[in-house]
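Below is one structure, written out as structure tokens; comments come after it.
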Amino acid sequence: MAKVLMKGNEALGEAAVRAGCRYFFGYPITPQNEIPHYLAKRLPEVGGVFVQAESEIAAINMVYGAAGSGARVMTSSSGPGISLKQEGISYIAGAELPCVIVNMQRGGPGLGGIQPAQSDYFQAVKGGGHGDYRSLVLAPATIQEMVDLMGKAFDLADEYRNPVMILGDGILGQMMEAVELPPEDLSFKIPSKPWATTGAEGRTPNIINSLYLDPLELEKHNLHLSNKYEEMRKESMGETYKTEDAELVLVGYGSAARVAKAVVDQGRARGLNVGLFRPITLFPFPKDDLQKACRQARHVITVEMSLGQLIEDVRYNLEFKVPVHYCGRVGGMIPTTRDILAKIEALTNLQGEVEEV
């Protein structure tokens, strides 16, 4: 299959079309603007619909409506825009509707800046909006992986009737890499959705909502959702790099993991037994894979573009059995190989001093 050179945001948009997405509702915000720009032209070419809504709040409620009809539908935004969508995402999760949401993260809090960050981790993996709900969260590290995970995102959304978030950042959205796109199949049929609101001709009407005035019924619904989230744990994915004998393991996702991978090679050249674990699903978090990757680790370092948001899940999933340290930059700054190597060497020297004593 031939490779093409594409910007991340545009490759993601094309991958969505090839995964059967025919509806996009969104609102402009940097650094994800190329996604709606690309889909505004591309979707009408395949009989799809693009709408630039009057706001992010309107966009996510349009997603709710299209998802309720059984369509494959997507929205995208960044930082403050995702915050505005949170009420609608909670409604969609509560109504058990499938959709894909893309967040190309930027620095915050508040308006922050347009440079890349990973400071929306808590918002993505802990729910973000009101109520006890979760979104499946996929964290690609390359443009090719963004393309590959887009089809999986729609499939998982349909399988679990749940929102799926692709959590990227400004680097992945703006950079260009060669990618192989999946074949375009205009005859592709999305899975049957007997629960959808398609007119009720010849059958009992389907009712979709997230309102339960009886507290016992609401509790029952929440427990049903909780069981579904537990079932999602079988979808967890992670990648290891040179962890077989690693005494120090770096953990990072997305763009930060790309930097960490370079550090592993540089550290190995210096005689350090360093490895990398990269979670691909942030929810569900790949606990078993993480523990296996860190089975010989004396130290773990999270490499983040946030103020220690990832470190909490790493400590929890390692069951606090291994010391976990933080190395990161925030506000649009990116941790460098020099930053991470300095942290590794400080820990290595400290360990040596302890052993000598």
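Shape call for the range 51-207 from the C-alpha gyration tensor, a ≥ b ≥ c root eigenvalues: rounded (a/c under 1.5), prolate (a/b greater than b/c) or oblate? It would help to have the intermediate numbers written out before the result.
Numbers: a/c = 2.10, a/b = 1.33, b/c = 1.58.
It is oblate, given that a/c is not under 1.5 and a/b is not larger than b/c.
Quick one: helix 143-160 against the long Cα principal axis of the chain, what's the angle to the nearest 10°, folded into 0 to 90?
On a 0 to 90 degree scale, this one is about 50.
Counting each DSSP H run of 4 or more residues in the chain as -39500 (n - 2.57), what helix-only mean residue ellipticity at 222 nm follows after dividing by all residues, to the nearest 500 deg cm²/dmol? Please report the intermediate quantities before stating the final value.
Numbers: 13 runs with 146 residues, N = 357.
Computed mean residue ellipticity for the chain: -12500 deg cm²/dmol.
Pick from 50, 277, 320 the residue whose mean-square fluctuation is largest in a GNM of the chain, springs joining Cα atoms under 10 Å.
320
For the range 208-328, what is the accessible area per residue in Å² when the probe is 1.4 Å?
Numbers: 5750 Å² over 121 residues.
About 47 Å² of surface per residue is accessible.
Compute the long axis of helix 34-45 from its Cα atoms, compare it with the longest principal axis of the Cα atoms of the chain, and write down the angle in degrees, 0 to 90, nearest 10.
Relative to the chain, helix 34-45 is tipped by roughly 40 degrees.
Return one whole number: the accessible area per residue of the range 38-114 in Å², for a 1.4 Å probe.
Details: 2480 Å² over 77 residues.
The answer is 32 Å² per residue.
Treat each spin label as a single point 7 Å out from the Cα along the C-beta direction, and report the residue 178 to residue 349 distance in nm.
Roughly 4.2 nm, to one decimal.
Helix 56-68 versus the longest principal axis of the chain: what angle, 0 to 90°, nearest 10, using Cα atoms?
Tilt relative to the chain: about 70 degrees.
Which value, in Å² rounded to 10, gives the accessible area of residue 240 with a 1.4 Å probe and all protein chains present?
70 Å²
Once neighbouring chains are kept in place and the probe is 1.4 Å, which whole percent of the accessible area of the range 50-89 is contributed by carbon and sulfur? Please report the intermediate quantities before stating the final value.
Numbers: 650 of 1150 Å².
Solvent-exposed carbon and sulfur of the range 50-89 make up 57 percent of the total.
Taking all protein chains as present, what is the carbon and sulfur share of the accessible area of the range 202-277, in % to the nearest whole number, probe 1.4 Å? Could you put the intermediate results ahead of the total?
On the way: 2150 of 4190 Å².
Carbon-and-sulfur percentage of accessible area, whole number: 51.
Starting with the highest mean, order 246-253, 115-122, 65-72 by the number of other Cβ atoms within 10 Å, averaged over the residues of each peptide. Intermediate results must be reported in sequence, preceding the final value.
Numbers: 246-253: 27.0, 115-122: 23.1, 65-72: 20.8.
Packing proxy ranking, top to bottom: 246-253, 115-122, 65-72.
Take the solvent-accessible surface of the protein heavy atoms, probe 1.4 Å, and return the percent of it on the range 154-196 that carbon and sulfur atoms account for.
Within the range 154-196, the accessible surface is 58 percent carbon and sulfur.
The values are calculated or read from the model by the stated rules, or taken from the named source; none is laboratory data. Predicted model, so just to flag it, every value in this text is computed and none were measured. Methodologically, a virtual Cβ is constructed for each residue, glycine included, from the backbone with ideal geometry; neighbour enumeration extends over all protein chains shown. The accessibility values were calculated without ligands, DNA or RNA, using every heavy atom of the protein model including side chains. Shrake-Rupley method; radii C 1.70, N 1.55, O 1.52, S 1.80 Å.
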